[in-house]
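Scroll down for the structure; my scribbles are underneath it.
The values are calculated or read from the model by the stated rules, or taken from the named source; none is laboratory data. This structure is a prediction, so every number in the text was calculated from the model and none was measured. A quick note on method: Cβ atoms are made from the backbone with ideal geometry, for glycine too, and the neighbour counts reach across all protein chains shown.
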Amino acid sequence: MGAEFTRHVKRNLVAYIALLPMAAVVIFAYLGTMAWSVRLSFSSSKLLPRSDFVGLNQYVTLFDTSRWLTSLGNLAVIAFFFLLICFVLGCLLAIFIDQNVRGESLFRTVFLYPYAMSFVVAGLIWQWILNPDLGIQATMRGFGFSGFVLDWVVNPRMVLYAVILATVWHGSGLVMALILAGLRGIDGEIWRATRIDGIPAWRVYLSIVLPMLRPMIITSLVLLSISIVKMYDVVVAMTNGGPGTASEVPAKFIMDNLFERANIGLATAASTVMLITVLMVMAPVIYSQYFRKSGRAA
Amino acid sequence: MSSVSLESLDVSYGNVQIVRNLDLNIRDGEFLVLLGPSGCGKSTLLSAIGGLTDVSGGRILFNDKDVTWTDPKDRGIGMVFQSYALYPTMSVERNLSFGLRIAGIDRAIIEKKVKWAADLLQIAHLLDRKPSALSGGQRQRVAIGRALVRDADIFLFDEPLSNLDAKLRAELRLEIKKLHKTLKSTMIYVTHDQIEALTLADRIAVMKDGIIQQLDTPLNVYNKPANEFVGSFLGSPAMNKVEGALVADGDHLSFAAGDFRLDVSRYPFTQKVESGRKVVLGLRPEHILPASGSAAAIEGKVSLVEPMGSSILAWSVFDGLSLSHLVGQDDGCEADRTFAVTIDVQKASFFDVETGWRL
Amino acid sequence: MMRQAKPAVARRPLNYQEVWGRVGIYAFLGVVALFFLLPLYVMLVTSFKSMDEIRLGLIFSLPRQFTIDAWVKAWTSACTGLECTGLRVGFGNSVKILVPSVVVSILLGAVNGYALSFWKVKGANVLFACLLLGSFIPYQVFIYPLVRVYAQTGIYGSLAGIVLTHVIFGMPVMTLLFRNYYSGLPIELFKAARIDGAGFWKIFVSIILPMSAPIAIVAVIMQVTAIWNDFLLGLVFAGRENLPMTVQLNNIVNTTTGERAYNVNMAATVLTSLVPLAVYLLSGRWFVRGIASGAVKG
Ligand SMILES: Nc1ncnc2c1ncn2[C@@H]1O[C@H](COP(=O)(O)OP(=O)(O)OP(=O)(O)O)[C@@H](O)[C@H]1O
Ligand SMILES: [Mg+2]
């Protein structure tokens, strides 16, 4: 066994060396930093990291911090509406584009271009359009609708929907593109069979085609979910968490505590909570998507 | 049950006309096979009959009723596809019943129909499986079952067996034939496999470039091909084709190609032919028989033999003309030997050199 | 042969339900397309207006006096905090960050993918799984420890630091992309070369790399858009001297005091989006392929 292994390593030595950068990145940049972050969350670190151990104190404080709870709640609301709207809108767009429409490539280009732009840009544009003094509200009032109100970015109760609007604008093209690619891959004979069976088109999509596109759907939902959990830029650009804390999100909470409020212990506790949540949600998905039957058989 | 009539049908994709001015009458309960090379428009014609492709001219009648613009689901047809086209996320039972459920048919009736079809096709034990967990043959049975439960009067098959291996193909071929016996429905079956066509059909329509070349019983299509194309498309091993001319040889007519001569006075020409006419002789290998002492034998030198199991295909040169012919295993036909044969002129075919049509 | 008269008029009878269906499809697609184009339109018209005109509060109207002053100002003299040097500094920084990051991350991704799919390296798949999992985790988990390590080694706030960061966080997707692509190549190619006695690098350079053009294009598209659009990493790691365009844009828009120069802001926003937009418009279907192959196993 030992001798055999040595021989195997010798034969493939260069391959082992070539993978060293990847190993270093995984071990130090991913696993090491992750472990360090988790370790810090059990310390009383403030401005500088400390190596003491305070148990779950930071976590207790964290879940006592109303700003954190608000960000979690906000994230839940944003994620729910964002995923729902992106998915439904993206599917509808893909299905409609698939009906042999003229100017198909123009429509595709228009629906996907926001995805190519940065979140900062998305946030800034919509902040401007929704700005009550100069944006749509002002324009409509200028037309004589003096009671017209569209003040989402400055209204604490509506600001989340402004963020959702900007992110939906940014992300639903992704669903459209992926689903459309899937639709194009469906065998024409399936469609013929449904016509012989007399199944109405909407029913075909709902009962036959969309279930067939499960991998595409999962992929797009995973990509969208990641972008939601990581959501930071768009909020910073659009509302900077305001008004008040009405549009705070966890990623921003962590950044603020790391770099502005000098509360490393609390920030790392928060990031550990995010880490665990993501791992719990993503691990099964990753496993089923990437590792089942994938790769080259040895 | 239903008869099908196509009246000067045209089908085109954009500017390309695929089916041209096609007339075809299919009798009630008939098994008609559309046979032709790849790309000749068989599938296009079939989906026009099924209402899946719009026609650009002419009309389609089922039982003398114009159905040219009737919705596919209202035509009383069942269709089986080459790729099976099963709904991959549904169980076999669902695949069979989905159309009926959508049509709002009573649960109990659906269940009865599904059971009947499943029993008939011997897939009752597979009802809970997904198509991905079935073998190719089983999938094709399910696809047939889906057509069966629709109570169709007309069944359309588009190369249903071409994705299966040779053994399964023979098996399912037999089952489709039995099914036709049982149901007595009209069946239109597309294939490019001549064995399927010859074994299954009541009548074969041989197609080329969107035009029916010959419509006749399998025997006639095989023995009396209407033109050169039909003659060479059917038959394996392939028909020998020799270009030559008819010459008067004393009191009778002969076919001449180089030094080769063949007395054709017993050939039933369908029209008056005169000496000097250029023709193509079509001769199937099995119609060149080993000579059995009779007078009209021709001697040739065997150049190559290909054993084909039950018989042997030999290539021999007769008076400068190389022909393939079938010999038995015990006929002593070996390479480089001389071998005597007789040619059955009555079963040969003559075609016009220019038009290719049968003379 | 005489052609007899056609027995029936070969026209599909008009089906009103179908006609209305088509109208509905185009109406839906058209309205959504307007929604998607609205921000771009508003950005463009605003950037060509003067501030006086903007104060009228008609964001949708075309500029009455067409002026490119805002563009010039955004490019050369817009203020980010105290400095008033315009976006061109950020543009230069972004280019300086982009080029080495894209090159290095693609090369590493190609080597990793090649080693993973053609060579037997014990434990490589576990490493790869960790790497993939890492790509789903919010950056906030890794950032603080990385900052500390960078500070220790002296690359914090330098070009090298931000490039390294992009290489680290780009590695999962790049490796996945190349691994999936190489897994689809016939292994006989590789075996034949090995029998000829070629080693790891020889095979990579003379056989694998020349076949990598299609996936390399996809990789370039993905990395250029991702790195150009990055905000968070640039903000944290690039340092004051190297802030990328997105960060400068946000500073220009959100940290100015006094009246906001919306025309300048919009011009700056468009300028920042130009690179990814150009990549998107020029790459067409490759862009979609990138999204799809980065996420679905190939
Ligand atoms: N949707 C389409 N658009 C344009 N041309 C088509 C379309 N479908 C088929 N064709 C063309 O029409 C011709 C006939 O096609 P068809 O599918 O009917 O052939 P086929 O006889 O069924 O061949 P096969 O045996 O290969 O199935 C072909 O030349 C094909 O290229
Ligand atoms: Mg076909």
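For the reader, a short list of remarks on this structure follows.
- Per-region count, the stretch B:158-187, residues surrounded by 17 or more Cβ atoms within 10 Å (Cβ to Cβ) and within 13 Å of ligand 1 (Cβ to nearest atom): 4
- Extreme residue, nearest to ligand 2 (Cβ to nearest atom), among residues of the stretch B:59-72 that are crowded, with 16+ Cβ neighbours inside 10 Å and free of Cβ contacts under 8 Å to residues at least 24 places away in the same chain: B:PRO72
- Of all the listed residues (B:LEU156, B:LEU179, B:LEU161), the sole one being over 22 Å from B:PHE233 (Cα atoms) and within 14 Å of ligand 2 (Cβ to nearest atom) is B:LEU156.
- Failed condition for B:LEU156, given (1) under 26 Å from A:LEU206 (Cα atoms); (2) within 9 Å of chain A (Cβ to nearest Cβ): (1)
- Among the residues of the stretch C:153-168, those identified as within 12 Å of chain A (Cβ to nearest Cβ), over 21 Å from C:ILE217 (Cβ atoms) and either of a type outside the set (S, T, N, Q) or not in a helix (DSSP H, G or I) (or both) are C:LEU164, C:ILE168.
- Here is the figure for the stretch B:166-197: residues that are among the polar types (S, T, N, Q) and farther than 13 Å from B:ILE154 by Cα total 3.
- The listed residue being facing another protein chain (nearest Cβ under 8 Å), touching a Ser or Thr at 6+ places or on another chain (Cβ under 7 Å) and not polar (S, T, N, Q), out of B:VAL55, B:VAL11, B:VAL33: B:VAL55
- Selection count, the stretch B:39-49, where residues are near ligand 1 (Cβ under 6 Å from one of its atoms) and within 14 Å of another protein chain (Cβ to nearest Cβ): 2
- B:GLY36 vs. criteria buried (at least 19 other Cβ atoms within 10 Å of the Cβ) and more than 15 Å from ligand 1 (Cβ to nearest atom): no
- Within the stretch A:66-89, the set of residues being surrounded by 14 or more Cβ atoms within 10 Å (Cβ to Cβ), away from every other protein chain (no Cβ under 14 Å) and of a type in the set (Phe, Trp, Tyr) comprises A:PHE81, A:PHE82, A:PHE87.
- Put simply, of A:PHE96, A:PHE111 the only residue that is touching a residue at least 24 places away in the same chain (Cβ under 8 Å) and within 7 Å of chain C (Cβ to nearest Cβ) is A:PHE111.
- Residues (buried (at least 23 other Cβ atoms within 10 Å of the Cβ) and facing chain C (nearest Cβ under 7 Å)) located in the stretch A:125-134: A:ILE125, A:TRP126, A:TRP128, A:ILE129
- Restricting the stretch B:33-58 to residues that are assigned to a strand (DSSP E or B) and within 16 Å of ligand 2 (Cβ to nearest atom), the residue that is farthest from B:ILE77 (Cα to Cα): B:LEU35
- Selected residue (only one of C:LEU107, C:LEU146 is at the interface with chain A (Cβ under 7 Å from one of its Cβ atoms) and modelled with pLDDT of 90 or more): C:LEU146
- With respect to the conditions (1) more than 18 Å from A:ASP256 (Cα to Cα); (2) β-branched (Val, Ile, Thr); (3) modelled with pLDDT of 90 or more, A:VAL14 lacks only one, and its number is (3).
- For C:VAL89: the one exception among (1) over 25 Å from A:TRP36 (Cβ atoms); (2) more than 7 Å from every other protein chain (Cβ to nearest Cβ); (3) crowded, with 21+ Cβ neighbours inside 10 Å; (4) not charged (D, E, K, R): (3)
- Selection of the stretch A:257-269 for residues being in contact (Cβ under 8 Å) with a residue 12 or more places away in the chain and more than 8 Å from chain C (Cβ to nearest Cβ) yields A:ASN257, A:ALA262, A:ASN263, A:GLY265, A:LEU266, A:ALA269.
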